[in-house]
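Reading through the structure tokens given below for one structure.
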Amino acid sequence: MPNATPDTRQTVLEISDLWKSFDSNHVLRGVGLQLHQGENLVVLGKSGSGKSVLIKLIIGLMEPDKGEIKVFGKNIPQLKQAELDEIRTRIGFLFQSNALYDSMTVRENLEFPLRRHRKKLTQVEVDSLIEEVLSNVGLAHTKDMMPSELSGGMKKRIALARTLILKPEIILYDEPTTGLDPVTSREISNLMLDIQKKYNTSSIIIAHDMSCVRITANRIITLVDGTCYAVGTWDELSHSSDPKVKQFFE
């Protein structure tokens with residue numbers, strides 16, 4: 001279990017007074033949080049609490065009703081499309097469903113973001129990056145395989161490799177261990193920790209799997225009633241006597 005990250009580190013993402021509603025459903029009610037350089041921040045919340053909405057707001061797929069989302073000092077809701085696209089190249093997103101292209105080999109899946117965002121790279125440089133990320137997720141032998149030939153855990157590792165190939169400074173994980181057996185879930189959680197240390201990434205992790213939370217979290221935020229209700233380390237929150245916090249750790 002990682003230690004809490006000191007607040008003296010640079011803040012790479014800061015959310016202030018964030019509100020989002022869908023008709024009469026007030027999902028986020030003044031959410032505020034900070035993500036520090038090199039930190040894994042886990043967001044806990046019941047289904048429908050706004051965790052996925054929060055992620056979509058951060059990368060500009062939705063617009064907030066009110067509030068600021070500053071990533072690398074720039075307020076996401078105010079950015080023009082070109083500025084937003086530039087910021088997105090610095091943010092990796094690991095989809096819950098992995099979102100691999102079924103008709104492409106592993107190599108082609110990894111090449112895809114490079115062809116789009118790193119057009120000046122030579123084929124030798126592309127091949128080198130593919131070898132590097134596949135090696136870092138322990139699947140160097142799979143580059144010519146199709147997604148249909150991979151197990152659930154292998155698909156998750158390849159999806160993580162594709163996330164890493166642009167060398168993102170921030171990674172957003174959406175339920176990274178959903179649907180995996182306990183052993184594979186623990187392997188993915190430890191891999192996320194290895195990635196944090198090797199690349200010094202800052203991550204927001206949306207998770208229900210408390211084993212994953214315990215392994216990966218430097219700090220944890222609980223979303224309750226549309227607010228960041230409690231913030232702390234695993235040890236601090238897991239020993240809380242507050243029923244609204246305690247429910248996540250029982």
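Just a few scattered comments:
- Test: residue in the range 122-135 that is touching a residue at least 12 places away in the same chain (Cβ under 8 Å), in contact with a helix residue (DSSP H, G or I) (Cβ under 9 Å, 6 or more places away or on another chain) and in a loop (DSSP other than H, G, I, E, B): no
- Evaluated against (1) under 14 Å from Leu164 (Cβ atoms); (2) assigned by TED's automatic domain parsing to the domain that holds Met62, Glu86 falls short on exactly one condition, (1).
- Neighbours by Cβ (under 9 Å, 6+ apart or cross-chain): first from the range 67-92, assigned to a strand (DSSP E or B); second surrounded by 15 or more Cβ atoms within 10 Å (Cβ to Cβ) and among the acidic types (Asp, Glu): Glu68/Glu14; Ile69/Glu14; Lys70/Glu14; Val71/Glu14; Asn75/Glu68; Ile91/Glu169; Gly92/Glu169
- Among the residues of the range 133-149, those identified as surrounded by fewer than 15 Cβ atoms within 10 Å (Cβ to Cβ), farther than 19 Å from Asp102 by Cβ and of a type outside the set (A, V, I, L, M) are Ser135, Gly138, His141.
- Considering the range 156-188, and only residues there that are surrounded by fewer than 22 Cβ atoms within 10 Å (Cβ to Cβ) and of a type in the set (D, E, K, R), the residue that is nearest to Leu110 (Cα to Cα) turns out to be Lys167.
- Selection within the range 197-217 - farther than 17 Å from Glu132 by Cβ and within 14 Å of the chain's Cα centre (by Cα): Ser202, Ser203, Ile204, Ile205, Ile206, Ala207, His208, Cys212, Val213, Thr216, Ala217
- Test for Lys20: is it free of Cβ contacts under 8 Å to residues at least 12 places away in the same chain and surrounded by 14 or more Cβ atoms within 10 Å (Cβ to Cβ): no
The values are calculated or read from the model by the stated rules, or taken from the named source; none is laboratory data. For clarity, every value in this text was computed on a predicted model and none was experimentally measured. So basically every Cβ, Gly included, is an ideal-geometry build from the backbone, and we count neighbours across all protein chains shown.
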